[in-house]
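The values are calculated or read from the model by the stated rules, or taken from the named source; none is laboratory data. The structure displayed is predicted, hence computed values, not measured ones. Neighbour counts run over all protein chains shown; Cβ positions are idealised from the backbone, glycine included. Note: accessible area is taken over every heavy atom of the protein model, side chains too, but ligands, DNA and RNA are not part of it. Shrake-Rupley method; radii C 1.70, N 1.55, O 1.52, S 1.80 Å.
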Amino acid sequence: MSAMSNYLENALVNATLRNTTYTSPATVYVGLFTTDPTDAGSGTEVSGGSYARQSAAFAAPSNGASATSADVTFPQATANWGTVTHFGVFDASSSGNLLYHGALDTSKAIETGDVFKIASGNLTITLA
């Protein structure tokens, strides 16, 4: 299950009800978290050990849901990243705005040498 960030909620309300322009990002990036990022984007994102957000492509939506259309593969960890519990979808490769977030189905401890991959179709954003 995914949730929208406060930033995106406000941007979409403004765009649809107040005729305020919202420019969607050309590329979105998936980040990994060791704590819940929450709607406010206040969680603990992984850092160090060669970690970097990864770009993601999403298929056309159906019934309010869109899934990744290709694998999202993170670089090999050169240090322990901790236990990854959540993901976030951002509008930039660093800093930027959190758009969507959610819990992973299964938490995963990422240790030196590990590669974390989200297989195509396994990350779905759903608007309800």
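Screening SER55, SER47 for residues that are part of a loop (DSSP other than H, G, I, E, B), open to solvent by 50 Å² or more (accessible area, probe 1.4 Å) and not aliphatic (A, V, I, L, M) leaves exactly one candidate, SER47.
Evaluated against (1) within 26 Å of ALA128 (Cβ to Cβ); (2) more than 12 Å from the chain's Cα centre (by Cα); (3) part of a loop (DSSP other than H, G, I, E, B), THR78 falls short on exactly one condition, (1). Only residues that are farther than 19 Å from GLY43 by Cα and among the aliphatic types (A, V, I, L, M) were counted in segment 79-122, giving 4. Inclusion of ALA57 among residues that are among the aliphatic types (A, V, I, L, M), under 13 Å from the mean Cα position of the chain (by Cα) and within 25 Å of SER24 (Cα to Cα) is warranted. Residues in segment 31-44 include none that are of a type outside the set (A, V, I, L, M, F, W, C), open to solvent by 40 Å² or more (accessible area, probe 1.4 Å) and assigned to a strand (DSSP E or B). Within segment 85-118, the residues that satisfy the criterion of being open to solvent by 20 Å² or more (accessible area, probe 1.4 Å), among the hydrophobic types (A, V, I, L, M, F, W, C), under 17 Å from SER5 (Cα atoms) and touching a residue at least 40 places away in the same chain (Cβ under 8 Å) are ALA92, ALA103.
Give the residue that is least open to solvent (accessible area, probe 1.4 Å), with candidates limited to residues of segment 1-23 that are among the small types (Gly, Ala, Ser) and without any contact (Cβ under 8 Å) to a residue 60 or more places away in the chain. So that I can check it myself, show each step before the final result.
Quick first cut of segment 1-23, residues among the small types (Gly, Ala, Ser) only: 2-3, 5, 11, 15.
Subset that is without any contact (Cβ under 8 Å) to a residue 60 or more places away in the chain: 11, 15.
Working: ALA11: 17, ALA15: 38 Å².
Taking the candidates together, the pick is ALA11.
Each residue in segment 86-112 was checked for being over 30 Å from TYR22 (Cα atoms) and of a type in the set (S, T, N, Q), and 3 of them qualify.
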